[in-house]
Amino acid sequence: MSNPDESLRIEGIRKTFPGVVALDGVDFDLRRGEVHVLLGENGAGKSTLIKMLSGAYTPDAGRILVDGEEVRIHGAQDSERLGIATIYQEFNLVPDLTVAENIFLGRQPRRFGMIDRKRMEAEAETLLKRVGVRVSPRARVRELGIARLQMVEIAKALSLDARVLVMDEPTAVLTSEEVERLFAIVRSLRADGVGVVFITHHLEEIAALGDRVTVIRDGRSVGQVPAATPEDELVRLMVGRSIEQQYPRQRPEKGAPLLSVEGLGRDGVFHDVSFEVHAGEVVGIAGLVGAGRTEVVRAVFGADPYDHGAVRVAGTRVRRHDVNAAMAAGIGLVPEDRKGQGLVLDASVEENLGLVTLRSATRAGLVDRKAQSAAAERIAGQLKVRMAGLGQRVRTLSGGNQQKVVIGKWLLADTKVLILDEPTRGIDVGAKVEIYQLINELTAAGAAVLMISSDLPEVLGMSDRVLVMAQGRIAGELAAGEATQDAVMSLAVSTPTTEREATRGH
């Protein structure tokens, strides 16, 4: 007998890929007007499961029921017809089309056989107001920032009049204010009877928004618990063990300065930025979105130009706007956008791990593939990359395992200064701790780490010093013992004039 309050049920779903069992008998149900959190480590099978609902994959076994009736979902149109809308972590928008065109893509209102653009833009404007975003329906999507793209995706889902809304890491790129706005939208949808499948790695969001939690581990559903379940119990269910310390920073003795940034500036972007990172040290950079953090580290790495100042590694000046020179000096960058800038998605794990060392492994135009393969196997094992083998395409790995590959290529290059830009965004708590332990190993071996993160507890928990940026300048510096969320936020919203006038320490 089906539950009349149940809008969706998944029973015994199984899905395999060559060499990998992605799902093995997963059960899940969703009631009308509830937020059901789907929780699990990277690689646990969450993405595969939601791709069943969107029609991207078909199950090998098991069944899907919508409103008590068994259904077959063979594509996006089937999914939309059944009232299921999915918002992926990677946006599914066409950059060169307008916001309105993206919202109603393939479903544009027509009049006399022609697209009724006036009606389409008016309806898009209504939807955009509902999600609380100020953007013109005539704006090109490529002109929008990530937070606004997220809201456009939600407006698109609302345009489908969905009864089931699947949200994959919707808060990963949002500020705290934008997260609150999103939560208000989700609560409104819940009150209207929409069932929401919510995927997040931010455990604090579960009790704030969720009703129930289903935990998936290694492709199997291992438990269903109330959203009010304590975080340590959720972690134990996710990873199969307790995690004693969320931020296990070990602080080795600090050595000489490895990275020195002196008066760095780019007109209209960042100004008079100076700091040092010593051997064995983790320096965090905190600040609000738009403060200039990513722009500074990309300039340090040579990916973007700068107009003033200098970058030195171990006292030697690095040629500006020259990635090869930065890499030769021992600087590595794990970028914020790992898929767009850190990986070759259609290449294998082995090929990606060898990207940085490819030139040094080449003799007379020939690559020492045996040595490259052995090195890739060693580092993949050290990082515990979950994969079918070194030949697996990176595109098919989970987000956490992709991030390990991005970091791994710099480990193979014996990087002296590793810059980590949002190193754990979209990564589960178990994989986060593994990356933190890796940071400890790097600094214990004498490397220097410069870390940007919008996750303030992460910055405070893993940094030996915290630099706070505001409006393109260093607004202040805090030692680990003095850095609190209030102290960081106070500097982040300040208006520094020059670095010499900024608050430094306490």
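The values are calculated or read from the model by the stated rules, or taken from the named source; none is laboratory data. These numbers were taken from a predicted model, which means no experiment stands behind them. So basically every Cβ, Gly included, is an ideal-geometry build from the backbone, and we count neighbours across all protein chains shown. Ligands, DNA and RNA are stripped out before the accessible areas are found, and what is left, the full protein with its side chains, is counted by its heavy atoms. Shrake-Rupley method; radii C 1.70, N 1.55, O 1.52, S 1.80 Å.
Some points to look at:
- Using alpha-carbon coordinates, inclination of helix 399-412 to the longest axis of the chain, degrees: 20 degrees
- The accessible surface of segment 62-182, taken with every protein chain in place and a 1.4 Å probe, is 47 percent carbon and sulfur.
- Dipole of segment 278-324, positive direction: furthest Cα of Gly287, Val313, Gly302, with charges on the beta-carbon: Val313
- Looking at segment 110-188, the accessible area is 53 square angstrom per residue; that uses a 1.4 Å probe and ignores ligands, DNA and RNA.
- Against the chain, whose longest principal axis is taken from its Cα atoms, helix 429-444 shows a tilt of about 10°.
- The amide H of Val318, built 1.01 Å from its N in the peptide plane, has Val311, Arg312, Val313 as neighbours under 5 Å, considering only residues 5 or more places off or on other chains.
- Total charge dipole magnitude, the chain, about the Cα centre, Cβ charges on Lys, Arg, Asp, Glu only, Debye to nearest 20: 1240 debye
- By DSSP, the beta bridges lying fully in the chain are antiparallel in about 60 percent of cases.
- Positive-end residue of Asn42, Ile206, Val99, charge dipole of the chain with Cβ unit charges: Val99
- Dipole of the chain, positive direction: furthest Cα of Leu333, Ala447, Gln372, with charges on the beta-carbon: Gln372
- DSSP-defined beta bridges in segment 383-506 - what % are antiparallel, rounded to 5: 55 percent
- Other-chain or far-sequence residues with amide H under 5 Å of Gly193's (modelled H): Gly33
- Sorting the segments 33-43, 200-210 by their residues' average number of neighbouring beta-carbon atoms within 10 angstrom, most packed first, yields 33-43, 200-210.
- Listed residue pairs exceeding 19 Å between alpha carbons, taken from Lys15/Lys384; Lys129/Lys156; Lys339/Lys370; Lys339/Lys409: Lys15/Lys384; Lys339/Lys370
- Sequence ranges 403-416, 72-85, ranked by mean other-Cβ count within 10 angstrom, highest first: 403-416, 72-85
- The angle between the Cα long axis of helix 117-130 and the main principal axis of the chain comes to about 70°, on a 0 to 90 degree scale.
- Peptides ranked, highest mean first, by Cβ atoms within 10 Å: ranges 11-24, 468-481: 468-481, 11-24
- Listed by chain and number, the lysines whose C-alpha is less than 20 Å from the C-alpha of Lys254, apart from same-chain residues fewer than 8 away, are Lys416.
- In the chain, Cα pairs under 8 Å separated by at least six residues give a relative contact order of 15 percent.
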